[in-house]
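A short write-up of the structure that comes next.
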Amino acid sequence: MSKLQLSINILIILFLHFFKLNAQPVPAEDENISFLVTFGANAPKAYGDDDHCQVFFFSIPATQVDPVYFRIFDPDTGGENDELFDYFDTQTRFSLYGGKGAYSNEAAQNIDPVSGFKSGYLLDTKTFGVSAKYDNNWFTFGPFNPKEGEFIEELGGYVFKLIAEGISGNDGNLYTYYLSTEGNLNKRVEGGNAFTFEYTFRLYDNPKEVSHLYPYVDERVISIKQHNFDHDNDGLIRVISVAKNGVLFKSSREGQWATSTHEIYKEEHNTSLDIQFIKSQKQKKLNNNIVFYMTNQYGESLPFYTIPIGGVPKFKYKITVKRKGRN
């Protein structure tokens with residue numbers, strides 16, 4: 001585990017001690033993201049998914065003794081929400097991991113699905129194709145004892161890893177998650193959290209909707225480099241923080257990456273950033289999928305928490321008062 005990640009994790013414990021975070025819906029309400037997206041293995045990258053895989057981590061507080069469930073909304077590929085190409089032929093495999101190495105293994109935290117990212121103990125897995133049973137409906141992994149996750153002292157609890165892989169076909173699977181204390185209902189785990197190091201998601205078609213991602217920066221971060229893929233120049237990507245009031249990020253074209261580097265000010269240390277995706281009012285791009293991740297000056301990936309640590313950041317206006325000299 002990097003020094004940056006260790007510092008972030010320690011701070012998270014402090015925040016969790018004072019705030020009861022309810023981050024179980026993934027994406028969460030404050031993020032205003034319609035769906036996570038994973039395309040089949042045969043889909044061209046230009047569809048909006050660079051690696052046909054998405055990894056999320058779920059943190060369960062050590063105080064949780066009752067079983068937990070991991071629920072997936074619309075896990076099949078076919079029907080109302082998914083993205084069709086020719087005909088639905090895509091299979092998506094969802095796999096849940098716990099035990100030693102599920103999170104602490106460095107490969108598990110990599111933004112690319114390289115060898116070793118399926119670390120830990122495989123608790124359950126299921127592959128979905130076209131299924132009327134799960135179209136626009138829920139599937140549940142569980143129940144699981146929270147201690148079946150990997151205990152991470154810095155996070156103050158147990159961590160599970162949920163991997164979605166497009167293993168065949170070329171369609172887009174659109175889905176969401178929910179961490180619950182019930183198998184048939186969405187009931188939050190008090191103090192639970194969820195995070196990822198690379199987000200692949202669907203932007204809303206409605207240009208009035210603004211989506212958000214919330215990376216956290218600690219006192220070691222002096223600059224950030226944002227990476228976005230296949231944004232199709234669909235509006236603006238900007239950042240709001242306690243010291244930035246709408247600084248623009250470079251936006252990518254179809255099937256391409258774009259990056260830009262930005263300074264982090266002292267006032268922004270130990271706060272979250274608000275990365276905003278503002279749709280174009282003119283282009284009216286439909287079914288736009290995007291990949292996004294962020295690194296610091298050392299090339300270390302920053303985690304995105306579904307609920308911003310410390311709350312949604314607000315720009316703090318500075319008022320400078322100059323005293324006139326005496327005559």
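In this structure, does Ala23 turn out to be at pLDDT 95 or above and either surrounded by 15 or more Cβ atoms within 10 Å (Cβ to Cβ) or not in a helix (DSSP H, G or I) (or both)? For Ala23, the condition - at pLDDT 95 or above and either surrounded by 15 or more Cβ atoms within 10 Å (Cβ to Cβ) or not in a helix (DSSP H, G or I) (or both) - is not met. When each of Ser301, Ser251 is tested for being out of contact with any Phe, Trp or Tyr (no Cβ under 7 Å at 6 or more places or on another chain), among the small types (Gly, Ala, Ser) and surrounded by 14 or more Cβ atoms within 10 Å (Cβ to Cβ), the lone residue that passes is Ser251.
The listed residues are Ile278, Ile264, and the only one of them that is among the β-branched types (Val, Ile, Thr) and under 23 Å from Thr38 (Cα atoms) turns out to be Ile278. Please enumerate the residues belonging to region 59-97 that are in a strand (DSSP E or B), within 17 Å of Leu185 (Cβ to Cβ) and of a type outside the set (Val, Ile, Thr). If the condition is that a residue be in a strand (DSSP E or B), within 17 Å of Leu185 (Cβ to Cβ) and of a type outside the set (Val, Ile, Thr), then Tyr69, Phe70, Arg71, Phe73 are the ones that fit. Considering the conditions (1) more than 17 Å from the chain's Cα centre (by Cα); (2) hydroxyl-bearing (Ser, Thr, Tyr); (3) farther than 24 Å from Asn270 by Cβ, Tyr204 is excluded by exactly one of them, (1).
Would you confirm whether any residue within region 131-140 is farther than 19 Å from Ser95 by Cα, surrounded by fewer than 22 Cβ atoms within 10 Å (Cβ to Cβ) and aliphatic (A, V, I, L, M)? Yes, that holds for at least one residue. Any chance region 195-205 includes a residue that's of a type outside the set (Gly, Ala, Ser), under 19 Å from Ile307 (Cβ atoms) and touching a Gly at 6+ places or on another chain (Cβ under 6 Å)? No: region 195-205 contains no residue that is of a type outside the set (Gly, Ala, Ser), under 19 Å from Ile307 (Cβ atoms) and touching a Gly at 6+ places or on another chain (Cβ under 6 Å). With respect to being in contact (Cβ under 8 Å) with a residue 40 or more places away in the chain, within 30 Å of Leu302 (Cβ to Cβ), part of a loop (DSSP other than H, G, I, E, B) and more than 20 Å from the chain's Cα centre (by Cα), Lys100 fits the description. Within region 147-164, the residues that satisfy the criterion of being surrounded by fewer than 22 Cβ atoms within 10 Å (Cβ to Cβ) and not small (Gly, Ala, Ser) are Lys147, Glu148, Phe151, Ile152, Glu153, Glu154, Ile163. Scan region 3-16 and tell me whether some residue there is under 19 Å from the mean Cα position of the chain (by Cα) and at pLDDT 95 or above. So far as region 3-16 goes, no, none of its residues is under 19 Å from the mean Cα position of the chain (by Cα) and at pLDDT 95 or above.
Within region 287-321, the residues that satisfy the criterion of being at pLDDT 90 or above, touching a strand residue (DSSP E or B) at 6+ places or on another chain (Cβ under 9 Å) and aromatic (Phe, Trp, Tyr) are Phe292, Tyr293, Phe304, Tyr305.
Residues Asn193, Asn206: which one is surrounded by fewer than 22 Cβ atoms within 10 Å (Cβ to Cβ), at pLDDT below 95 and among the polar types (S, T, N, Q)? Unique residue meeting the criteria: Asn206. Considered as a group, the residues in region 229-244 that are touching an Asp or Glu at 6+ places or on another chain (Cβ under 7 Å), assigned to a loop (DSSP other than H, G, I, E, B) and of a type outside the set (S, T, N, Q) include one that is surrounded by the most Cβ atoms within 10 Å (Cβ to Cβ), and that residue is Asp230.
The values are calculated or read from the model by the stated rules, or taken from the named source; none is laboratory data. Only a predicted model underlies this, so the values are computations on that prediction, with no experimental measurement involved. Quick reminder, even Gly has a Cβ in these numbers, built from the backbone with ideal geometry, and neighbours come from all protein chains shown.
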